[in-house]
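All remarks here apply to the structure that follows.
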Amino acid sequence: MGFHHLPLLVSLVLTCTECFIVPVTFLGNAQESSALALISPSTADQLPSPSVLSSLEQRGPATANGRNLNYIATGAFEFQAPKAGIASNSTAGDIKRPTVTIYRSVNSTFVYERYFLLTFITTSIHSPSYAAAIPSSTLNSTMVSQDIFAEPIDCKAPPSSVAVRDDHPVPRKGIQSQAPLQTNKFYSNFFLGDQLGPTYTFPYSVQWAGGKGVTASWGLSCSHIEPHQRVFGQERHNGAAAYYLNPVGIQSMVMSAKELGNDTSLAVDSITAFSARVSLSKDRDSPPAISFPLVQGMAYITAQYDGATPVLRSGVFFRTVSQVIRQPKEHVTKFTFHLEDGTLWRVYAWRTKGDDLDLAVINNGLAEATKPFHGIIQVCKDPATPGSEAMLDDGAGIYPLTLSLSGTASGSEGTYSFNFSRGGHQSGHLYMYALPHHIDSFDDETRGQTQMVQLPTTTKGMASLVRGVRWTLVEPGMPVDVGFAPWHPEKGSIEKLSDRAKRTIRAAAAKEVSQNMIAQSNLNSMYFSGKALAKFATIMYVVDRLIGDKTLAETGLGQLKAAFDIFAANKQEFPLVRETAWGGVVSSASYSTGDAGVDFGNTYYNDHHFHYGYHILAAATIGHLDPDWAKANADYVNMLARDVANPSRKDSYFPMWRSFDWYHGHSWAHGLYAAADGKDQESSSEDMMHAYALKMWGQVSGNTDLEARGNLQLAILSRSLQNYYLYKKSNTVQPKQFIGNKVAGILFENKIDHTTYFDPRIEAIQGIHMIPILPPTPFVRCRDFVEEEWEAFFSNGRIDDVRNAWKGIIYASYATVAPRKAWEFFTSSTFDAQWLDGGASLTWFLAYAAALGDI
């Protein structure tokens, strides 16, 4: 490709960490390949050596540090220069002896290991002989897009080694959308089980009454729970309640139609990652009598009528019902319902044709329209705070249909936007409710649209009303510098270890590398297999990059590749299958055994981001050590990433964002099982692991959008988990009766239970939010939190009472606070290998503690 109109003389100042800041000037021929000097770290007796970035790709005008940049580098390779050649003004003639060290792009910049991060890139020199040294994988790498959510990871069919079948054990009840379908989203209860389970939209919950409950209605029941209605368990640990839950089944307001009865049929269509529409028909052969568009955060429950006769019921019962004479806007009728529990509900009816809504109150639990209605009816709870009624009036007749997600990344700052599709009345504004972590990261414009009107949510604190069709949220501190090495919030990635630490770590590594990697990983569980593969991959990284034992690394890496190849070839005990009923890649275990719970419900889409996250992380680490291997296995690894985190509708094989919930700021592990308390997730730290795995696979595979999204997800997780999962004393989101537990345990949409699914002991409850210990662990589990948790449960010798594999996890977590104490524990002569989890290694724990503690 040719480059034209580039400046022949460009002066740059490169910003770096742990290195010099050096102005560099290049002279060159703008018609040829382009290059850029990078400055490596130096020591007292070693001058820094420049490196050259090559293969520029035109991206159009961009701006950085006030400069207009027309080109951005996509690849790099290292050169050593004579010591005398390093100066404030260095020319291309000083560059000598090329070697092939790849620099990976991070959000439109490049990172040289832990040593520097460029803040801007541009220039051009005449260097045709250097271009041939650039590996093809570098030339094929992509730059961060203007919208990091726009393009799919891939669009091709998954590898042919994965068999295809068109059936699944879970029927698709009432679903009228085509596969691929969402399996882990908030509205799933509408097509699972008896279809009567609640859907939690925050701050409301809705559920099909199905002829049940106090009202015996066949419509949609609406509920909102106040904090005084919560039920707390007895104190169990650290003076905190064992759980808290919110009552279900309260039918505050029910929206129905006279036409609905015993044969009522429920259908779901317009299914997306962010929304769905539920319809109720008088029978399976009739068109919908009412339809309900559902979007998380909606300020009203909206019912669409097209000729059915509206019916409103309440299981709490009406105290008073009144119609407001003055319409809030044209063709909108307003009613006020005071219920017997003291709550105030507003009902708005916007007629699109025919007559306005006229309600007749039959009794204290029933109000009926006097004639069929065309338009929408909305129900909402008014908190009766200053300005709340006026805002609800302004939003009357307006509702969200769905939303689209967009975002950008530049350096360590990421932004993402919720772009709501608005329906309904043309007058007024769309209002949506935001959660606490949203409010914390709103940009100035969105913050300016945030109102003082709030409603409590079931498990996420207070929701705040926000006006407008677009929210923009900013994460200014994405962990772009987190790599494979141990990472410290102030020091960054730490790749240099002392000789003393290396000797100790190598002794442990030699033993662990000699273990049978195939036997430990070729299991009947994608989860445990993935943990084993990721463990050994991390060991190999330590051996190769931190210790520098190339011989041991080569031996171990060969064994690890052989172990991973079993899965890449899909020859494990329960091979993966691509099922087209829902649309995804699942374990064949439940098909083979008939057991819905085998392998933690993988076949039913439970825990995919955990299971596949470990495999993706293992692949990223192996691929970092052997780029050719990464390229050869890319289709298989991309398949796993697409199943979990497909960002685009362009990929027709997988739904978008199966696991991660962009509204809640974390994932849900709960798949195709009906549940009265909604979706749930246990291990917040494995959620972190999956985002980190996506980031690192994006980096290794050259997919910078995937890498950027992984960085953004990690930043969002750090924020949301510290609100909802990991509780410092200063937490104001969760009930004060509960924050003494320090961690959620299992977080549901409707309750939080400080326990696990597998072990009631305190070390397991806390530890499941620690595993696995990874470079971004201190980024999410901050020092203050770790210290508080240790003091609450494990200080003063209480850790000595833990005599199982959680002990090693807890000490490794404590390395964030006291790395030397962790080092002493792991190097003690009394250390017992039984204190290591199956997904953890002594090699990594030693390297982690040594790096963080400067040992």
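The values are calculated or read from the model by the stated rules, or taken from the named source; none is laboratory data. The structure presented is a predicted model; accordingly, all values stated were derived computationally and were not measured. Cβ placement follows ideal geometry from the backbone for every residue including glycine, while neighbour counts extend to all protein chains displayed. Heads up: the accessible areas ignore ligands, DNA and RNA and are worked out on the full protein's heavy atoms, side chains in. Shrake-Rupley method; radii C 1.70, N 1.55, O 1.52, S 1.80 Å.
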Failed item, numbered, when K329 is tested on (1) in contact with a helix residue (DSSP H, G or I) (Cβ under 8 Å, 6 or more places away or on another chain); (2) surrounded by fewer than 21 Cβ atoms within 10 Å (Cβ to Cβ); (3) within 24 Å of Y204 (Cα to Cα): (3)
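Residues are listed down the side, and each one gets a yes or a no for (1) more than 26 Å from P735 (Cβ to Cβ); (2) out of contact with any Phe, Trp or Tyr (no Cβ under 7 Å at 6 or more places or on another chain); (3) open to solvent by 20 Å² or more (accessible area, probe 1.4 Å):
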{"site": "S410", "(1), (2), (3)": "yes, yes, yes"}
{"site": "G423", "(1), (2), (3)": "yes, no, no"}
{"site": "Y433", "(1), (2), (3)": "no, no, no"}
{"site": "E445", "(1), (2), (3)": "yes, yes, yes"}
{"site": "P479", "(1), (2), (3)": "yes, no, no"}
Considering residues of the stretch 803-830 that are within 32 Å of the chain's Cα centre (by Cα) and not in a helix (DSSP H, G or I) only, the residue farthest from R781 (Cα to Cα): N804
Unique residue being in contact with a helix residue (DSSP H, G or I) (Cβ under 8 Å, 6 or more places away or on another chain) and open to solvent by 10 Å² or more (accessible area, probe 1.4 Å) when the list is A669, A675: A675
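For the stretch 557-565, does any single residue satisfy the condition of being among the polar types (S, T, N, Q), open to solvent by 10 Å² or more (accessible area, probe 1.4 Å) and either in contact (Cβ under 8 Å) with a residue 24 or more places away in the chain or part of a strand (DSSP E or B) (or both)?
yes
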Wholly enclosed helices (runs of 4 or more DSSP H) of the stretch 671-778 bearing at least 1 residues of a type outside the set (S, T, Y), free of Cβ contacts under 8 Å to residues at least 12 places away in the same chain and out of contact with any Asp or Glu (no Cβ under 6 Å at 6 or more places or on another chain): none
Qualifying residue in the stretch 495-502 (condition: among the aliphatic types (A, V, I, L, M), surrounded by 24 or more Cβ atoms within 10 Å (Cβ to Cβ) and modelled with pLDDT of 95 or more): no
Answer residue from the stretch 373-394, given it is touching a residue at least 24 places away in the same chain (Cβ under 8 Å) and hydrophobic (A, V, I, L, M, F, W, C) and is surrounded by the most Cβ atoms within 10 Å (Cβ to Cβ) among those: I376
Residue in the stretch 518-532 that is without any contact (Cβ under 8 Å) to a residue 60 or more places away in the chain, more than 29 Å from L672 (Cβ to Cβ), assigned to a helix (DSSP H, G or I) and not aromatic (F, W, Y) present: yes
Residue tally, condition farther than 19 Å from V637 by Cβ and open to solvent by 30 Å² or more (accessible area, probe 1.4 Å), over the stretch 146-160: 3
Filtered residues of the stretch 698-756 (kept if open to solvent by 10 Å² or more (accessible area, probe 1.4 Å), within 18 Å of E475 (Cβ to Cβ) and touching a His at 6+ places or on another chain (Cβ under 6 Å)): R719, N723
Meets criteria (crowded, with 18+ Cβ neighbours inside 10 Å, closer than 27 Å to V598 by Cα and either under 23 Å from the mean Cα position of the chain (by Cα) or aliphatic (A, V, I, L, M) (or both)) for K535: yes
Residue list for the stretch 686-705, restricted to those being touching a Leu at 6+ places or on another chain (Cβ under 8 Å) and hydroxyl-bearing (S, T, Y): Y692
S592, sole failed condition from (1) in a helix (DSSP H, G or I); (2) within 23 Å of the chain's Cα centre (by Cα): (2)
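Kindly evaluate S795 against the criterion of being open to solvent by 10 Å² or more (accessible area, probe 1.4 Å), out of contact with any Cys (no Cβ under 8 Å at 6 or more places or on another chain) and of a type in the set (G, A, S).
So S795 does not fit the description; no.
Conditions tested, residue by residue: (1) at pLDDT 95 or above; (2) part of a loop (DSSP other than H, G, I, E, B); (3) in contact with a Leu (Cβ under 9 Å, 6 or more places away or on another chain).
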| position | (1), (2), (3) |
| --- | --- |
| A409 | yes, no, yes |
| R422 | yes, no, yes |
| A463 | yes, no, yes |
| V474 | yes, no, no |
| P479 | yes, yes, yes |
